[in-house]
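S.K.: Dropping the structure in here first, questions after.
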Amino acid sequence: MATPDKHTTPGGYEPYYVPDQSKFPILASLGLSIMMIGLGNTLNDIKSQHGSTASAWVAFAGFFILGCVLFNWFATQIRENFQGLPSAQLKRSYVLGMYWFIFSEVMFFCAFFGALFYVRNFSVQWLAGVGEKGISHAQWQDFQGTWPVINNPDPKTFANPEQSMAWRGFGEALSYLPLWNTILLLSSSVTVHIAHVALKNKNRKQLTIWLGLTVLLGITFLVLQAREYTEAYKELGLTLHSGIYGSTFFLLTGFHGFHVTLGAFMLSVMWFRVLKGHFKPEDHFGFEAASWYWHFVDVVWVGLFCFVYLL
Amino acid sequence: MATGHDDHHHGPAKGLTRWLYTTNHKDIGTLYLWFSFAMFLLGGTFALVIRAELFQPGLQFVDPNLFNQMTTMHGLVMVFGAVMPAFVGLANWMVPMMIGAPDMALPRMNNWSFWILPFAFAMMSSTLFMDGGGPNFGWTFYAPLSTTFAPKSVTFFIFAVHMMGASSIMGSINIIATIQNLRAPGMTYMKMPLFVWTWLITAYLLIAVMPVLAGVVTMMLFDIHFGTSFFSAAGGGDPVLFQHVFWFFGHPEVYIMILPAFGVVSEIIPTFSRKRLFGYDSMVYATSSIAFLSFIVWAHHMFTTGMPLAGELFFMYSTMLIAVPTGVKVFNWITTMFKGSLSFETPMLFAIAFVVLFTCGGFTGLMLAIAPADFQYQDTYFVVAHFHYVLVPGAVFSIMAAAYYWLPKWTGNMYDENLGKLHFWLSFIGINILFFPQHFLGLAGMPRRVPDYALQFANFNMVSSIGAFFFGFSQLLLLFIVIKTIKGGKKATAQVWEGAEGLEWTLPSPAPYHTFSTPPPIK
């Protein structure tokens, strides 16, 4: 106890900061529910062809409330950090929290990958008369179990796509958007790492440039994915309605794209924080968490590129 | 501790905002527990509608569609609203006190985890009043019943599940971070109380499988609203795919509801046997093995869906393997009691009933695990009897045991022991009248989820329904006892129970609003 610090107890223990009452949780729950109610009504209205847009506005209002609450919540968190309230132990809690959150995200994608493997290896095979449960072939006897499924078992219910998004050979590699997206995302993982190193070396200029570049690469990825989707819908006839191939393709890549959006948003918030002079070489968990998330999104893409596009 | 941090050592805020804005693990634990009790009564009411209709053959009170909504909502409310939040509430109250932590790791997020729940359940319950009625496809919501043939309200059911999932994931992240990071120095993993251990593993299971549940309801949402064909063979999908993904969540979910119960019982039995728990290490390993096995047994819920033979065999044997670690546990509990100096206060009575009746439920589980036999039992009341034996005298009894055990620590007052024992015996007798005959009904071939049945099932159904009302109304006694204890009663000592060991018993009763602001010394 050489230097008496108000944050240290006689035993040398730095107290764990337990925040006072907070309005954020209840308001966030309120915003979330309003959003979900609005969204649910919107979907049901569309399905029953009620042409009202009121529900969509409710959803938007809920989203706005939730967004405002989360903005203030994070702002408070950052302010508390500037005041030196979180101890080293509390910071470890944040690290663990992010770690387990990413694990939960991995499991979310596992559900969709699992579905993909199941249909490819089992149900599509059985429907085509191959394997132990090939008896299912009896219902649609023209069905051929090739993957990607271009000819659906019942094309009257689920229209066939004209073409899939699968790898078209090296001849067309240059015009194959998913390949470019892979290059973009893999290099963005590198750039965010360079930014991280720059942050640790107190090189703010490098940090701003490389982090900004990462965000740009992420946005370019999303633009290319939007182009890919447009091409699928307009030129290939590949939609959410085109059977199991379209279902798995759009859900896997779509949820990945949604996560890229979130990750790019997180990184751009970090970029603005860098401009405001936030982060120290030894204290920048906000940045680190966003970059972990970005690496996670990258790894998921590698899985997608292998199992959705290439194989 | 006169070190300028007085702002952390005040008591609770006054009025309603104490509960709305709180960041205190004890307040949030209390909120979870009361919410869970409210949901227990709501889910119980749905169950009584079911049992009233089944009192006699024929259609008496409700039309079949409402009956189906009742079975669905009963299951959903009890699983997600009563049992799971009750254990989260217990974890909130007890885990920081048991490991010498000042609070939960992430106190504000802790409150968010709780407050999502009332909104989610309000949304889900409101579906009952919507056009076309609420979810009527069973709590397992198999496609295509829950997609192609579902009422419109299914959209809100899906979103409610998403919200509950978010709540569970955040709650589990909090619990796991607390246990990993906030243990007092010297509290090594192998010194942690078993309740903490079982919750550590439960939280891991929750983080692993709640996202899978979110995934499967999302696929439903897309099949319903966006024209995908995950669960439609016409587009190359497979309705059985739904069951695979659902049960990949669903089986670990079963253990999510029972592992903390194991933890509770492993705290209570040593206390009232005045002996240390027999085989602490093996309890930890058994819990971990059960958690691991829970990921590779899911398709035993699907023996009759027409799986390849290799699948039937694999899932049959892996399921039976679970009996080994579970047997280790039961053995350890009994051995703890062996030659102990036993006394039978209410928590101990519930704990012993847990060991006996949960084991009965486990044995019927083994019967169901035998694939060829399961073809006979599938979708009968035998299955209903089986999982109610593991969930009601299993999970629910352990929650009640925990409530009696820790109530003096929470309120500072002793509950009325005579009333507690009365509540136990009413529950114990009620539960057996309620569920035991259902074994016979199932073996005789009565299908589950039917509002009407053939005449030969009449007698046992009547007995079961009498037991249901008997058990259901006995629970009002629990409410009375708890309120009476909060209002007053004999003052509890810090130690409360003669044989109790652990950090929570070193704190005064009632436990102060903030405890262990500095970590306690661990022997």
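S.K.: Do you know which residues across the range B:474-518 are within 14 Å of another protein chain (Cβ to nearest Cβ) and either open to solvent by 40 Å² or more (accessible area, probe 1.4 Å) or of a type in the set (Ser, Thr, Tyr) (or both)? Spell out how you get there, then give the answer.
M.R.: Applying the first criterion (within 14 Å of another protein chain (Cβ to nearest Cβ)) to the range B:474-518 yields B:512-518.
Correct list: B:Pro512, B:Tyr513, B:His514, B:Thr515, B:Ser517, B:Thr518.
S.K.: Here are some conditions: (1) surrounded by 19 or more Cβ atoms within 10 Å (Cβ to Cβ); (2) more than 10 Å from every other protein chain (Cβ to nearest Cβ). A:Ser136 meets all but one. Which one does it not meet?
M.R.: (2)
S.K.: Test B:Lys152 against the criterion of being basic (Lys, Arg) and more than 12 Å from chain A (Cβ to nearest Cβ), and give yes or no.
M.R.: Criteria not met by B:Lys152.
S.K.: Residue under question is A:Gly129, and the condition is that it be assigned to a helix (DSSP H, G or I), over 23 Å from B:Ile296 (Cα atoms) and of a type outside the set (Lys, Arg); does it hold?
M.R.: Working: assigned to a helix (DSSP H, G or I): no; over 23 Å from B:Ile296 (Cα atoms): yes; of a type outside the set (Lys, Arg): yes.
No; evaluated as a whole, the condition is false for this residue.
S.K.: Looking at this structure, is B:Ser126 part of a helix (DSSP H, G or I), open to solvent by 10 Å² or more (accessible area, probe 1.4 Å) and closer than 28 Å to B:Thr228 by Cβ?
M.R.: Values: part of a helix (DSSP H, G or I): yes; open to solvent by 10 Å² or more (accessible area, probe 1.4 Å): yes; closer than 28 Å to B:Thr228 by Cβ: yes.
When the stated conditions are applied, B:Ser126 passes them.
S.K.: Tally the residues that are under 21 Å from B:Phe315 (Cβ atoms) and in a helix (DSSP H, G or I), restricting the search to the range B:227-249.
M.R.: Result for the range B:227-249: 11.
S.K.: Same structure again: Being of a type in the set (Val, Ile, Thr) and in a helix (DSSP H, G or I) is the filter here, so list the residues in the range B:355-410 that pass it. Reasoning before the result, please.
M.R.: Let us first name the residues in the range B:355-410 that are of a type in the set (Val, Ile, Thr), namely B:355-356, B:359, B:364, B:370, B:380, B:383-384, B:390, B:392, B:396, B:399.
B:Val355, B:Val356, B:Thr359, B:Thr364, B:Val383, B:Val384, B:Val390, B:Val392, B:Val396, B:Ile399 - these are the residues of the range B:355-410 that are of a type in the set (Val, Ile, Thr) and in a helix (DSSP H, G or I).
S.K.: Report whether or not B:Asp27 is in a helix (DSSP H, G or I), in contact with a helix residue (DSSP H, G or I) (Cβ under 7 Å, 6 or more places away or on another chain) and within 14 Å of chain A (Cβ to nearest Cβ).
M.R.: Values: in a helix (DSSP H, G or I): yes; in contact with a helix residue (DSSP H, G or I) (Cβ under 7 Å, 6 or more places away or on another chain): yes; within 14 Å of chain A (Cβ to nearest Cβ): yes.
The answer is yes for B:Asp27.
S.K.: Looking at the range B:183-190, is at least one residue open to solvent by 10 Å² or more (accessible area, probe 1.4 Å), closer than 22 Å to A:Ile150 by Cα and in a loop (DSSP other than H, G, I, E, B)? Before you say what the answer is, go through the steps one by one.
M.R.: Initially, the range B:183-190 is screened for residues open to solvent by 10 Å² or more (accessible area, probe 1.4 Å), giving B:183, B:185-190.
From the residues that got through so far, the ones that are closer than 22 Å to A:Ile150 by Cα too are none.
So far as the range B:183-190 goes, no, none of its residues is open to solvent by 10 Å² or more (accessible area, probe 1.4 Å), closer than 22 Å to A:Ile150 by Cα and in a loop (DSSP other than H, G, I, E, B).
S.K.: Before we move on, is A:Asp154 under 17 Å from A:Ile244 (Cα atoms) and open to solvent by 60 Å² or more (accessible area, probe 1.4 Å)? Break it down into steps so the answer makes sense when it comes.
M.R.: Working: under 17 Å from A:Ile244 (Cα atoms): yes; open to solvent by 60 Å² or more (accessible area, probe 1.4 Å): no.
No.
S.K.: For B:Gly58, all conditions in the list (1) touching a residue at least 12 places away in the same chain (Cβ under 8 Å); (2) at negative phi hold save one; what is the number of the exception?
M.R.: So B:Gly58 meets the others, but not (2).
S.K.: Would you confirm whether or not the range B:94-112 contains a residue that is open to solvent by 10 Å² or more (accessible area, probe 1.4 Å) and more than 30 Å from A:Ser93 (Cβ to Cβ)?
M.R.: no
S.K.: Any idea which residue in the range A:71-106 is farthest from the other protein chains (Cβ to nearest Cβ), counting only those that are open to solvent by 20 Å² or more (accessible area, probe 1.4 Å) and more than 23 Å from A:Ala28 (Cβ to Cβ)?
M.R.: It comes out as A:Gly84.
S.K.: Only one of B:Phe226, B:Phe230, B:Phe248 is within 8 Å of another protein chain (Cβ to nearest Cβ) and out of contact with any helix residue (DSSP H, G or I) (no Cβ under 8 Å at 6 or more places or on another chain); which? Spell out the reasoning first.
M.R.: Working: B:Phe230 fails: out of contact with any helix residue (DSSP H, G or I) (no Cβ under 8 Å at 6 or more places or on another chain); B:Phe248 fails: out of contact with any helix residue (DSSP H, G or I) (no Cβ under 8 Å at 6 or more places or on another chain).
Checking each option against the conditions leaves just B:Phe226.
S.K.: Can you tell me how many residues in the range B:201-218 are open to solvent by 10 Å² or more (accessible area, probe 1.4 Å) and within 7 Å of chain A (Cβ to nearest Cβ)?
M.R.: 1
S.K.: To continue, here is another question. Enumerate the pairs (first residue in the range A:265-288 and on the phi > 0 side of the Ramachandran plot; second residue anywhere and open to solvent by 30 Å² or more (accessible area, probe 1.4 Å)) with beta-carbon separation below 7 Å, excluding pairs fewer than 6 apart on the same chain, so at least 6 apart or on different chains.
M.R.: What qualifies is A:Phe279/A:Arg273.
S.K.: Take the residues in the range A:267-311 that are among the aromatic types (Phe, Trp, Tyr) and under 16 Å from A:Phe250 (Cα atoms), then tell me which one is most open to solvent (accessible area, probe 1.4 Å).
M.R.: Going residue by residue through the range A:267-311, those that are among the aromatic types (Phe, Trp, Tyr) are A:271-272, A:279, A:285, A:287, A:292-294, A:296, A:301, A:305, A:307, A:309.
Then keep just the ones that are under 16 Å from A:Phe250 (Cα atoms); that gives A:301, A:305, A:307, A:309.
Values: A:Trp301: 0, A:Phe305: 21, A:Phe307: 78, A:Tyr309: 1 Å².
By that ranking, first place goes to A:Phe307.
S.K.: Name the single residue, out of those in the range B:113-122 being aromatic (Phe, Trp, Tyr) and open to solvent by less than 10 Å² (accessible area, probe 1.4 Å), that is nearest to the other protein chains (Cβ to nearest Cβ).
M.R.: In the first step, residues of the range B:113-122 are kept if they are aromatic (Phe, Trp, Tyr); the result is B:114-115, B:119, B:121.
Now restrict to residues that are open to solvent by less than 10 Å² (accessible area, probe 1.4 Å): B:114, B:121.
On the way: B:Phe114: 8, B:Phe121: 11 Å.
Per the criteria, the residue is B:Phe114.
S.K.: Every residue in the range B:103-113 that is assigned to a helix (DSSP H, G or I) and either more than 22 Å from A:Ser22 (Cα to Cα) or among the charged types (D, E, K, R) (or both), please. So that I can check it myself, show each step before the final result.
M.R.: Restricting attention to the range B:103-113, the residues satisfying the condition of being assigned to a helix (DSSP H, G or I) are B:107-113.
Answer for the range B:103-113, where residues must be assigned to a helix (DSSP H, G or I) and either more than 22 Å from A:Ser22 (Cα to Cα) or among the charged types (D, E, K, R) (or both): just B:Arg108.
S.K.: Still on this structure, I have one more. Scan the range B:169-178 and give yes if some residue there is within 24 Å of B:Met124 (Cβ to Cβ), open to solvent by 20 Å² or more (accessible area, probe 1.4 Å) and under 18 Å from the mean Cα position of the chain (by Cα), otherwise no.
M.R.: Yes.
S.K.: For the range B:66-102, which positions are outside any helix (DSSP H, G or I) and in contact with a Lys or Arg (Cβ under 9 Å, 6 or more places away or on another chain)?
M.R.: Here is the first cut: in the range B:66-102, the residues outside any helix (DSSP H, G or I) are B:100-102.
Matches in the range B:66-102: B:Gly100, B:Ala101.
S.K.: Follow-up question, since we're still on this one. Condition (residue is part of a helix (DSSP H, G or I), under 22 Å from the mean Cα position of the chain (by Cα) and crowded, with 18+ Cβ neighbours inside 10 Å) applied to the range B:334-345: is it met by at least one residue? Show your work before the answer.
M.R.: Looking only at the range B:334-345, we keep the residues that are part of a helix (DSSP H, G or I), and these are B:334-337.
Of the ones still in play, those that are also under 22 Å from the mean Cα position of the chain (by Cα) are none.
The answer is no; no qualifying residue exists.
S.K.: From (1) at pLDDT below 95; (2) at the interface with chain B (Cβ under 7 Å from one of its Cβ atoms), pick out the condition that doesn't hold for A:Gly114.
M.R.: Status for A:Gly114: all satisfied but (1).
S.K.: Take the range B:299-333 and flag every residue that is under 23 Å from the mean Cα position of the chain (by Cα) and among the aromatic types (Phe, Trp, Tyr). Outline the logic, then answer.
M.R.: Quick first cut of the range B:299-333, residues under 23 Å from the mean Cα position of the chain (by Cα) only: B:299-302, B:319-333.
Of everything in the range B:299-333, those that are under 23 Å from the mean Cα position of the chain (by Cα) and among the aromatic types (Phe, Trp, Tyr) turn out to be B:Phe331, B:Trp333.
S.K.: Something else: Failed condition for A:Val260, given (1) closer than 30 Å to B:Gly235 by Cα; (2) more than 14 Å from chain B (Cβ to nearest Cβ); (3) within 21 Å of the chain's Cα centre (by Cα); (4) open to solvent by 30 Å² or more (accessible area, probe 1.4 Å), with all others met?
M.R.: All conditions pass for A:Val260, except number (4).
S.K.: Hey, can you tell me all the residues within the range B:371-426 that are basic (Lys, Arg) and open to solvent by less than 10 Å² (accessible area, probe 1.4 Å)?
M.R.: So in the range B:371-426, the residues basic (Lys, Arg) come out as B:409, B:421.
B:Lys409, the sole residue that qualifies.
S.K.: Could you run through the range B:219-230 and say how many residues are under 33 Å from the mean Cα position of the chain (by Cα) and open to solvent by 10 Å² or more (accessible area, probe 1.4 Å)?
M.R.: 5
S.K.: Something else about it: Restricting to the range A:169-184, what's the tally of residues that are acidic (Asp, Glu) and touching a Ser or Thr at 6+ places or on another chain (Cβ under 8 Å)? Let's see the steps before the verdict.
M.R.: If we filter the range A:169-184 for residues that are acidic (Asp, Glu), which is where we start, we get A:172.
Then keep just the ones that are touching a Ser or Thr at 6+ places or on another chain (Cβ under 8 Å); that gives none.
Result for the range A:169-184: 0.
S.K.: With A:Gly237, A:Gly254, A:Gly218 as the choices, which residue is touching a residue at least 60 places away in the same chain (Cβ under 8 Å) and within 14 Å of chain B (Cβ to nearest Cβ)?
M.R.: Details: A:Gly254 fails: touching a residue at least 60 places away in the same chain (Cβ under 8 Å); A:Gly218 fails: within 14 Å of chain B (Cβ to nearest Cβ).
Going through A:Gly237, A:Gly254, A:Gly218 in turn, the sole match is A:Gly237.
S.K.: Next question, about the same structure. Could you grab me the full set of residues in the range B:422-454 that are more than 18 Å from B:Gly394 (Cα to Cα) and in contact with a helix residue (DSSP H, G or I) (Cβ under 6 Å, 6 or more places away or on another chain)?
M.R.: If we filter the range B:422-454 for residues that are more than 18 Å from B:Gly394 (Cα to Cα), which is where we start, we get B:422, B:440-454.
Once the filter is applied, which keeps residues that are more than 18 Å from B:Gly394 (Cα to Cα) and in contact with a helix residue (DSSP H, G or I) (Cβ under 6 Å, 6 or more places away or on another chain), the range B:422-454 yields B:Phe440, B:Leu441, B:Gly442, B:Leu443, B:Met446, B:Arg448, B:Arg449, B:Pro451.
The values are calculated or read from the model by the stated rules, or taken from the named source; none is laboratory data. Quick caveat: nothing in here was measured; it's all calculated off a predicted structure. Ideal geometry is used to build each Cβ from the backbone, glycine not excepted, and the neighbour counts take in all protein chains shown. Heads up: the accessible areas ignore ligands, DNA and RNA and are worked out on the full protein's heavy atoms, side chains in. Shrake-Rupley method; radii C 1.70, N 1.55, O 1.52, S 1.80 Å.
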